[in-house]
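One structure below.
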Amino acid sequence: MATLRVGSGKTAPGEGWQLYGQEGVHIDVDTSGAGFSGDPVHHASIYSTGGSQL
């Protein structure tokens, strides 16, 4: 039976995010420290209080 592993993290506001095309943003995420034995599935959540930092 597979073992469930969960990792989490966050970035400081305005740090690391880069424009992706004309309508998106991206950030590179290093999950190697979580000890996954296979390819992990990533889910992202973005929160804003309004305005733009980019």
Output the number of residues of the stretch 20-40 satisfying the condition of being more than 15 Å from the chain's Cα centre (by Cα) and open to solvent by less than 100 Å² (accessible area, probe 1.4 Å).
4
For the stretch 1-18, give me each residue that is farther than 16 Å from His43 by Cα, assigned to a loop (DSSP other than H, G, I, E, B) and either open to solvent by less than 70 Å² (accessible area, probe 1.4 Å) or modelled with pLDDT of 80 or more (or both).
Ala12, Gly14, Glu15, Gly16
Restricting attention to the stretch 19-34, which residues are out of contact with any Phe, Trp or Tyr (no Cβ under 7 Å at 6 or more places or on another chain) and either of a type in the set (Lys, Arg) or not in a helix (DSSP H, G or I) (or both)?
Leu19, Tyr20, Gly21, Gln22, Glu23, Gly24, Asp28, Val29, Asp30, Thr31
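The values are calculated or read from the model by the stated rules, or taken from the named source; none is laboratory data. Note that the structure is predicted; figures quoted are calculated from it, not measured. All Cβ positions, even for glycine, are placed from backbone atoms using ideal geometry, and neighbour counts span all protein chains on display. Accessible surface is based on the protein model in full, side chains and every heavy atom, while ligands, DNA and RNA are left aside. Shrake-Rupley method; radii C 1.70, N 1.55, O 1.52, S 1.80 Å.
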